[in-house]
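Take a look at the structure set out below.
The values are calculated or read from the model by the stated rules, or taken from the named source; none is laboratory data. All of these numbers come straight from a predicted model, not from anything done at the bench. Here the Cβ positions follow ideal geometry from the backbone for every residue, glycine too, while neighbour counts run over all protein chains shown.
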Amino acid sequence: MTATRGVINLPGSPLSPPSGRCPSSSGLPCGVLPMRPSRSPRPTVATGAKNRQLEVGENAASLQNRLLGLINGMDQKKVRETRRKQQLQEPEPAPSSHNTAGVATVAPLPLPASPQIQCFPTSSTNIHHQLSMLDVLEKIGISRHFAGEIKSVLDFTYSRWLQRDEEIMLDTGTCAMAFRILRMNGYDVSSDSLSHLTEASVHLNDTRSLLELYKVSQVSTSKHELILDSIGSWSGRLLKEQLRSSKAQKLTPLLREVEHALDSPFYTTLDRLEHKMNIEQFDFMEHQMLYLPWQRNQDLLALGVMDFNTSQIVCQQELQHLESWVKDSRLDQLPFARQKLAYFYLSAAGTMLPGELSDARILWAKNGALTTVVDDFFDVGGSKKELENLTTLVEMWDKHEEIQYYSEHVEIVFSAIYNSVNQLGAKASAVQGRNVTKHFVDIWQDLIRNMMTEVEWRETGYIPTPEEYMENAVVTFALGPIVLPALYFIGPKITEYTVRDTEYNELFRLMSTCGRLLNDVQTYEVSRQSFGF
């Protein structure tokens, strides 16, 4: 499989790389994903800087720096105008410079009777505008570049939420958006605070607020949150009615977002694919509600494009490495084995986004591919003697040289497991500051033993009890080698105590149980349709 380089290009920017032309009417370079033509530039607010396109070689940090610099001036001007309107006769304080995550910023004037909020890419101090800006940054995949500013906005919003501030509670859209964003970012907010949001309290033509309410219903954390269930029911119905009444006309960007939200709940989507879609459908008119000038929106979009393309290049390089690994390990020479490398890599790349998680993505994809090969070997590819030989080799591990390979297939499968586990274990040990390779080995040995148990049941005709089956099946579902080792690469150091903790292992058992049952139900449905039982 050959990775194809696809690049999203900002309309009118010189970002597209030189390449051959595809034989199509589009005239685009091969692999380039086209975007809608940009609208004619609108007059922008004077900021002392000329409109500029993203320059070749300009990186995300420099673009973010330019963006924040332009926005700071707007923030100061907006606050000063508001104060003049209120006839507040006071000296105008001079802005003070400080650095946040390596980006030069200017602190805006503090809100009355509130803690000072760091610079954020919006020219308004209105909570709704700030949350809308945060939502846009998340939608186009660049929120991590503003982590400090976002944390300040969230903390400030949460403090106002606890005070049941009227600016939040009396506006349906703001209240719904604040609840969703706070909960998704780990803040403790109760759905009881939404009890005043009823069908009768919402303007039926307020599509944006209805959409926010529908999104709120998808962040339920308990089956007892009946308020969210009710909100999801009537807001979804009203949105569907709006879509039906608009079918004869061209859908607006907002209604396209509604259609997507109804078709694909957020928990069924992959972040990077969502970012790509939102970048391609980025509409400057829609985002004027953020009170940003056209050039500012253009800068946000440019940063989103650059971030996506950079991540895409990293992913393509990782996939090429994985394809070479398959060939070097000779896994492509196993006629019985499904080649699921791209499938597993997509699941990793779609959920573990930051560039520094490369080792986690590589481990996830390699072990996913290996568990598929082993599963096929035990199901259809190996004889009883080959499977017993592989089991013994895995049990012996570092002493495997004392055992002969029964066949070339056994040698290929075991060598791929042994070499990959040791290499990945060494990397994880360096990250963790202690030897964790043994944990990797233990997981693989447990998987192979349980797979061998299923073979013995099949050979002898033994029918296990439901309890026996599930105890074995949650292991043979094979999430162990994929999920658990990846945890060593994605965050803080994990102690041996945590690894052995009862709660930790119970959470993993429940996850594996869900996966196994979902898999078995699908297998049953296929068998019933194919064979009539």
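Looking only at residues in the stretch 204-240 that are outside any helix (DSSP H, G or I) and among the hydroxyl-bearing types (Ser, Thr, Tyr), the one that is nearest to Ala176 (Cα to Cα) is Ser220. Against the conditions (1) surrounded by fewer than 21 Cβ atoms within 10 Å (Cβ to Cβ); (2) at negative phi; (3) without any contact (Cβ under 8 Å) to a residue 40 or more places away in the chain, Phe156 satisfies every one except (3). Of the residues making up the stretch 291-349, those that are assigned to a loop (DSSP other than H, G, I, E, B) and either farther than 19 Å from Met133 by Cα or basic (Lys, Arg) (or both) are Ser329, Arg330, Leu334, Pro335, Phe336, Ala337, Arg338, Gln339, Lys340. Note on the stretch 484-506: residues that are assigned to a helix (DSSP H, G or I), buried (at least 17 other Cβ atoms within 10 Å of the Cβ) and in contact (Cβ under 8 Å) with a residue 60 or more places away in the chain total 4. Of everything listed in (1) β-branched (Val, Ile, Thr); (2) modelled with pLDDT under 90; (3) farther than 30 Å from Met352 by Cα, the single unmet condition for Ile231 is (2).
Number of residues in the stretch 169-203 that are assigned to a helix (DSSP H, G or I) and among the aliphatic types (A, V, I, L, M): the value is 9.
Pairing each residue of the stretch 419-433 that is over 14 Å from Asp398 (Cβ atoms) with any residue that is of a type in the set (A, V, I, L, M), provided the two are 6+ apart or on different chains, yields C-beta distances under 7 Å for Ser420/Leu370; Leu424/Leu363; Ala428/Val436; Ser429/Val436; Gln432/Ile494. The condition (being free of Cβ contacts under 8 Å to residues at least 40 places away in the same chain and either charged (D, E, K, R) or within 30 Å of Ala349 (Cα to Cα) (or both)) is satisfied by just one residue among Leu182, Leu262, Leu197, Leu170: Leu182. Could you say whether any residue in the stretch 204-216 is without any contact (Cβ under 8 Å) to a residue 24 or more places away in the chain, surrounded by 15 or more Cβ atoms within 10 Å (Cβ to Cβ) and not aromatic (Phe, Trp, Tyr)? Within the stretch 204-216, not a single residue is without any contact (Cβ under 8 Å) to a residue 24 or more places away in the chain, surrounded by 15 or more Cβ atoms within 10 Å (Cβ to Cβ) and not aromatic (Phe, Trp, Tyr). Of all residues in the stretch 179-228, those satisfying the criterion of being under 20 Å from the mean Cα position of the chain (by Cα) and of a type in the set (Gly, Ala, Ser) are Gly186, Ser217, Ser220.
Per-residue answers, yes or no, for (1) under 18 Å from Val202 (Cβ atoms); (2) out of contact with any Phe, Trp or Tyr (no Cβ under 8 Å at 6 or more places or on another chain):
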position	(1), (2)
Asp229	yes, yes
Ser233	yes, yes
Glu257	yes, yes
Phe266	no, yes
Asp271	no, yes
Leu301	no, no
Asn309	no, yes
Gln316	no, yes
Trp325	no, yes
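When you look at Lys385, is it assigned by TED's automatic domain parsing to the domain that holds Glu456, touching a Phe, Trp or Tyr at 6+ places or on another chain (Cβ under 9 Å), surrounded by fewer than 22 Cβ atoms within 10 Å (Cβ to Cβ) and of a type in the set (Lys, Arg), yes or no? Yes. If we keep just the residues of the stretch 291-301 that are out of contact with any Ser or Thr (no Cβ under 7 Å at 6 or more places or on another chain) and aliphatic (A, V, I, L, M), which is modelled with the lowest pLDDT? Only one residue fits best here, namely Leu300. In this structure, Ile463 does not qualify as in the same structural domain as Leu357 (by TED's automatic domain parsing), among the β-branched types (Val, Ile, Thr) and either touching a Ser or Thr at 6+ places or on another chain (Cβ under 7 Å) or surrounded by 14 or more Cβ atoms within 10 Å (Cβ to Cβ) (or both). For the stretch 241-290, filtering for residues that are among the small types (Gly, Ala, Ser), at pLDDT 90 or above and either in contact with a strand residue (DSSP E or B) (Cβ under 8 Å, 6 or more places away or on another chain) or part of a helix (DSSP H, G or I) (or both) leaves 1.
Here the condition is being more than 30 Å from Ala430 (Cα to Cα), surrounded by fewer than 22 Cβ atoms within 10 Å (Cβ to Cβ) and modelled with pLDDT of 90 or more; of Gln333, Gln320, it holds for Gln333 alone.
Every residue in the stretch 133-168 that is of a type in the set (Asp, Glu) and in contact with a strand residue (DSSP E or B) (Cβ under 9 Å, 6 or more places away or on another chain), please. Walk me through it before giving the result.
Our first condition is that a residue be of a type in the set (Asp, Glu); within the stretch 133-168, this holds for 135, 138, 149, 155, 165-167.
Residue satisfying the conditions is Glu149 alone.
Asp192 meets the conditions (1) of a type in the set (D, E, K, R); (2) in contact (Cβ under 8 Å) with a residue 24 or more places away in the chain; (3) surrounded by 13 or more Cβ atoms within 10 Å (Cβ to Cβ) in every case but one. The failed one is (3). Filtering the stretch 130-142 to residues that are in contact with an Asp or Glu (Cβ under 9 Å, 6 or more places away or on another chain) and among the small types (Gly, Ala, Ser) leaves only Gly141.
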